[in-house]
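No value in this document is a laboratory result; all are computed from the given coordinates. Computed from a predicted model, the values in this text were never measured in an experiment. Virtual Cβ from ideal backbone geometry, glycine too; neighbours counted across all protein chains shown.
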Amino acid sequence: MKVSGPAIKFGKNIDTDVILPGKYLVLVDPYDLAKHALEGLDPDFPDKAKKGVIIVGGKNFGCGSSREQAPLALKYSGVKCVVAETFARIFFRNAINIGLPVIECKGISAAVDEGDELSVDFEAGTVQNLSKGKSFQVAKLPPFILEILSDGGLIENLRRRMKK
Amino acid sequence: MNITEKILAKASGKTTVQPGEIVDANVDTIMIHDLTGPLAVEAFKKIGTEKVWNNKKVVVILDHQVPAESIKAAELHKTMRQFAKDQQLRIYDVGRGGVCHQVMPEKGHVVPGTVIVGADSHTCTYGAFGAFATGIGSTEAAAVMATGKIWLKVPVAIRINVDGKFGKYITPKDLVLNIIGKLGVDGAIYKSAEFTGRTIREMSIAGRMTICNMAVEMGAKNGIVEPDETTRKFLQDRVKTLPDFAALGSDKDSTYEQTVAFNVAELEPQVACPSSVDNVKPISEIGDVPVDQAFIGSCTNGRMEDLRLAAQIMKGKKVKDGVRALVIPASMEVYKRALTEGLTETFTEAGAMVCGPACGPCLGGHIGLLAAEETCVSTSNRNFIGRMGSKEANVYLASPATVAASAVTGKITDPRTLEAKQ
């Protein structure tokens, strides 16, 4: 599985309340959630993400609440993948479970400027900054997690496995 | 093995586990609430299984937007009630329960040595009883409801050893803020935080809950305290059969990545300033911070001993003009006891508003939201941008004693400087 797109950069400890404020948790349509993605930091984010982007985050991306609406809002706003130094664990699992690819890459923040074209290869475990000609080898996700991602999320993965 | 490893080994049918190992664990109990539950129900229906794996092990609690403040919330509640009815699940509805993390142990759903997952990040609170408890998302909750299993990476553990006696008006909340301030919001990321030492052994269940509750604020997978007589006292009339506590405890030769020592003897009240939980300062360094709202409640600090402490400070005093004080008991059990003990009267006499058990302003969804430029001093657990309403509002986190004192003076105040009437 590979994804590519321009980078949008955020800092460290990006929490789920700025990714999706609590007052929107009553919304059920993921496209409605997407309208408020990262509203706490950049009200124009949904517009910028529309074309399909890769978020580059610092350490502890997605800290805070267990709200799955946070990765959902990102996914449906057009985010193809989040690359961060480290992730908060619940956000990391939630993203995989809803089919939003996430990968840890130490040193990524310093190696990327806003708008750089990135490419991530999950099987190979590589993150490339095509604009700057830099490449990172990262820890690969375990095969069963790659399977969940390539199925499009945990529910699709379970449906397939339960049919067997 | 340490206590967390022992629980995960047992839950996955192994004699031993190593940090970093991925295990397929059997889940003992799962909790979903009104904001994470509807997504879980939708995902559960998509999986295509008709019934949950065990209807005695799934608990539904309505606590975030209760009573429903909008038609949207009412619809979500309706979904949850219907699901509970169809699946014959235990549901704690409006007026019957309260904040999920208070209701779970009160109603006997938390058993030491078990694996509990909840679709809420503060599920780690149940570590106070020696359970392995961690937060998950809605889709994962659906998968657990269908299969009764979850994959978990055995976490590396850090030990937080606490010594010393708390001074007057210094509380476990001050301790946990001090710990998070020192270790940082990712100081325990992916790890197990095991709280040990004499101060923890002498600490009440409520205090242990406050500390384990906030383990997630430093990124921890779980917070945990070995169960003991204090645990037994709280649970014996609530849980049918308790396991052997001695076998559960961490072995003497357990390995920890790190042991960090804290001493509360000289600790002064701690405050987490906007907008990060690790932006913690001792109250003497806070300066002059006027407040518009003071909130006492939440899964972190809405228990009897929190309310007693706040009432002790507010008794015979008035909430400062221009300040609104909200007191929200964490459960119906706490609510009733607060009434019986006269605390509700103390608060209302002081000019505070006592609301029904719910999450309240903590997550900015319902009741007590903040306008731009307003400041709230709160006993809750997060002070992120926009957490409690406007993203131009400021939230300071502190103990019930500090919040009560601040409500009276109108600015963030060291409770030790107010003369308390007994």
### Message
At a 10 angstrom cut-off on C-beta neighbours, averaged per residue, how do the peptides A:2-13, B:209-220 rank from highest to lowest?
### Response
B:209-220, A:2-13
### Query
Taking the Cβ of B:Thr114 as the center, what net charge do the other residues with Cβ under 12 Å away carry, scoring Lys and Arg +1 and Asp and Glu -1?
+2
### Query
Of all the C-alpha pairs in region A:64-106, what % are more than 14 Å from each other?
39
### Task
Take peptide A:18-24, look around each residue's Cβ out to 10 angstrom, count Cβ atoms belonging to other protein chains, and average those counts.
6
### Prolate/oblate/rounded label for region A:1-86 (Cα gyration tensor, a/c 1.5)
oblate
### Summary
Between B:Val260 and A:Asp121, the two model label points (7 Å from Cα along the beta-carbon direction) sit apart by a distance in nm of 3.9
### Query
Across every pair of different alpha-carbon atoms, what Kirkwood hydrodynamic radius in Å does region B:253-408 reach?
16.0
### Query
With the dipole of region B:1-97 worked out from charges on the C-beta (+1 for Lys and Arg, -1 for Asp and Glu) around the Cα centre, which of B:Gln88, B:Pro38, B:His64 lies farthest toward the positive end?
B:Gln88
### Query
How long are the semi-axes of the ellipsoid equivalent to the protein assembly as shown, from square roots of 5 times the Cα gyration tensor eigenvalues, in whole Å, largest first?
35, 27, 24
### Query
Extension gain B:Thr15-B:Asp244, at 0.36 nm per residue separation less the Cα-Cα distance, in nm?
80.7 nm
### Query
Counting partner chain Cβ atoms within 10 Å of every residue's Cβ in A:34-41, what's the average?
1
### Query
Modelled label-to-label distance, B:Lys168 and B:Arg96, 7 Å Cα→beta-carbon offset: nm?
4.5
### Summary
For A:105-116, B:186-197, ranked highest to lowest by mean beta-carbon neighbours within 10 Å, the order is B:186-197, A:105-116
### Task
Using the Kirkwood radius over Cα pairs, work out the Stokes-Einstein diffusion coefficient for region A:2-163 at 10 °C and 1.306 mPa s, in µm²/s as a whole number.
102
#### Entry: Cα-derived Rg to Rh of region B:3-263, Kirkwood definition
0.97
### Task
For peptide A:94-105, compute the average count of partner chain beta-carbon atoms within 10 Å of each residue's beta-carbon.
2
